[in-house]
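Here is the structure we will look at, set down as structure tokens.
Rule-based calculations on the coordinates, nothing more; no lab input. Quick caveat: nothing in here was measured; it's all calculated off a predicted structure. Ideal geometry is used to build each Cβ from the backbone, glycine not excepted, and the neighbour counts take in all protein chains shown.
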Amino acid sequence: MKKEDSNGSPKVIAIPDPVHVGDLAGALEMKWYEVIRELMVLDVFATKDTRLDFTTAAALCSRRGFVARKLI
């Protein structure tokens with residue numbers, strides 16, 4: 001997963017589809033349990049090893065101030 005940061009622009013994060021909760025947490029510089037807490041707000045119940053589809057992962061990224069892009 002790659003993070004790109006432009007001057008003053010929202011951070012863009014490239015994530016695979018699907019992405020494991022633990023990997024997404026690392027990319028967002030969060031603890032895995034913090035990601036799970038954020039997912040629960042979105043009515044998604046997951047574990048550290050759960051694979052998230054791109055739409056769900058992008059929604060979480062958006063809540064954290066990132067713009068998600070699908071890693072090809």
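Putting +1 on Lys and Arg Cβ atoms and -1 on Asp and Glu Cβ atoms, find which of 36, 67, 57 reaches farthest to the positive end of the dipole of region 26-72. After comparing all options, I get 67. Radius of gyration (Cα atoms) of the chain, expressed as a multiple of 2.2 N^0.38 Å: 1.00. In a simple Cβ point-charge model (Lys, Arg +1; Asp, Glu -1; nothing else charged), region 26-72 has a dipole of about 120 debye relative to its Cα centre. Exposure proxy shown here: for 30, 40, the number of other Cβ atoms within 10 Å sets the order, fewest to most, as 40, 30. Could you give the angle, 0 to 90 degrees to the nearest 10, between helix 54-63's Cα long axis and the longest principal axis of the Cα atoms of the chain? The answer is roughly 70 degrees. When both bridge partners sit in the chain, DSSP labels roughly 50% of those beta bridges antiparallel.
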